[in-house]
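Visitor: I'd like to ask some things about the structure below.
Bear in mind these aren't lab numbers, they're just calculated from the coordinates by the rules spelled out. Note that the structure is predicted; figures quoted are calculated from it, not measured. Cβ sites come from the backbone with ideal geometry, for glycine too, and all protein chains shown count toward neighbours.
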Amino acid sequence: MSTQKPLVLVTGGAGYIGSNTTLQLLDAGYDVVVVDNLSRGHRAAVDPERLREVDLLDTDGLYRVLTERPVAAVIHFAAFIAVGESMKTPEIYFRNNLAGTLSLLTAMVRAGVKNIVFSSTAAVYGMPDVSPIPESAAKRPVNAYGETKLMVETMLDWFDRIHHLRGICLRYFNASGADPLCRAGESHEPETHLIPLMFEAIRSGKPMTLFGEDYPTPDGTCIRDYIHVSDLARAHIVAVESLLAGGPSNRYNVGTGTGYSVMEVVAAVEHVTGSPVPYSFGPRRDGDPPSLVADSSRLQGELGWKPVDSDLPRIVDTAWRWFNRDR
Ligand SMILES: NC(=O)c1ccc[n+]([C@@H]2O[C@H](COP(=O)([O-])OP(=O)(O)OC[C@H]3O[C@@H](n4cnc5c(N)ncnc54)[C@H](O)[C@@H]3O)[C@@H](O)[C@H]2O)c1
């Protein structure tokens, strides 16, 4: 007989990674309440009974949700995530991601909720000079988005030291793929991520731009570490479990340790879909490192997590099935 596990509050649960993680928490027997203002998420991604439409900046509203029923831990996904946008309007990134998280932490302290898992990013490393990247690598963000995430990590340190609020920061590399049962997947608006953009190009026939073909990599295109959203969701569950067992604050990279070039992703997408990807090359984008590959041995060693769904064909296959779900 399965017993109900504690209540977890998921912010940003109407978004891509939050909706996938909510499903896995429920599958694992946790109770879940979702906070989302639906600014960038999808109402249909959340069971209406679990959704509380509250903005992160509404500290009193968050406090009410945190005290409706005892919350054991918060998983904090809610944020703006587009690097390019953050370099045009940094003010909305500092407000939403930094001030929004401060509001959440303030409400948590008031409500006496002491555990948080935070969505951080490989963007905290900027242009790393080591590969694979360990957590100890220099943190030098090259965009405002990455800076907001690094500032939240620093804020969490102080909340731990002063309020004993323990936080695990998970630095994701390239989240990708969809729920294998096709219950949740990626639908950003506008989309900026490579695999769904390739699907859009196949559907519309309009060539997409691939940025840079002269990087110092074997085929000249950027190399990234693609982590399946189901593996990412599991990383959140092991992080929550560590905190609930009394484990300490920490930071972990979440990736596979294997990088794929843009052209390798093109080949995988063409193989899975059976269609050529229409593309043309454009210039490099500012601040795009040639290669971003995670060393996630700390997460594997300390919390016993390992990626099991992240081989590229499986990532592309699940994402393609999600992309075609209504057709
Ligand atoms: N997608 C990736 O590859 C990736 C990589 C590294 C880190 N991350 C981080 O993971 C988290 C989730 O990313 P995602 O791809 O699921 O993004 P997403 O845009 O799909 O989801 C974010 C959700 O947060 C909600 N939200 C935003 N601001 C809010 C606010 N002020 N109040 C309440 N809700 C708000 C949005 O409505 C949306 O549902 C983000 O913090 C992002 O920075 C994502």
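Visitor: Is the shape of the chain rounded, prolate or oblate, going by the alpha carbon gyration tensor and its root eigenvalues a ≥ b ≥ c, with a/c under 1.5 for rounded and a/b larger than b/c for prolate?
Guide: Taking the square roots of the gyration eigenvalues as a ≥ b ≥ c, the chain is prolate.
Visitor: Roughly how far apart, in whole Å, are the Cα centres of the range 1-32 and the range 67-122?
Guide: With the range 1-32 and the range 67-122 each reduced to a Cα centre, they are spaced 17 Å.
Visitor: Quick check: residue separation of Arg64 and Ile92 times 0.36 nm, minus the Cα distance between them. What number comes out in nm?
Guide: Values: separation 28, 0.36 × 28 = 10.08 nm, distance 2.49 nm.
Taking 0.36 nm per residue and subtracting the Cα distance, the gain is 7.6 nm.
Visitor: Additional query: What lysines sit close enough to Lys149 to cross-link, taking a C-alpha to C-alpha distance under 23 Å and skipping anything fewer than 8 places away on the same chain?
Guide: Cα-Cα hits under 23 Å: Lys88, Lys114, Lys139.
Visitor: Share of Cα-Cα pairs in the range 200-244 beyond 15 Å, in percent?
Guide: Counting pairs separated by more than 15 Å, the tail of P(r) holds 69 percent.
Visitor: Taking only DSSP H segments of four or more residues, each worth -39500 (n - 2.57), what value at 222 nm results for the chain once the sum is divided by all its residues, to the nearest 500 deg cm²/dmol? Intermediate values should be presented prior to the final figure.
Guide: Numbers: 11 runs with 120 residues, N = 327.
The helix-only estimate for the chain comes to -11000 deg cm²/dmol at 222 nm.
Visitor: Hey, another quick one. Which percentage, to the nearest 5, of the DSSP beta bridges contained in the chain is antiparallel? Mind showing how you got there, number by number?
Guide: Values: 2 of 39 bridges.
For the chain, the DSSP antiparallel bridge percentage is about 5.
Visitor: Along the positive direction of the dipole of the chain (beta-carbon charges: Lys, Arg +1; Asp, Glu -1; about the Cα centre), which of Trp305, Leu243, Pro278 reaches farthest?
Guide: Leu243
Visitor: Alpha carbon centre of the range 189-259 versus the range 265-318: separation in Å?
Guide: The distance from the Cα centre of the range 189-259 to that of the range 265-318 comes to 6 Å.
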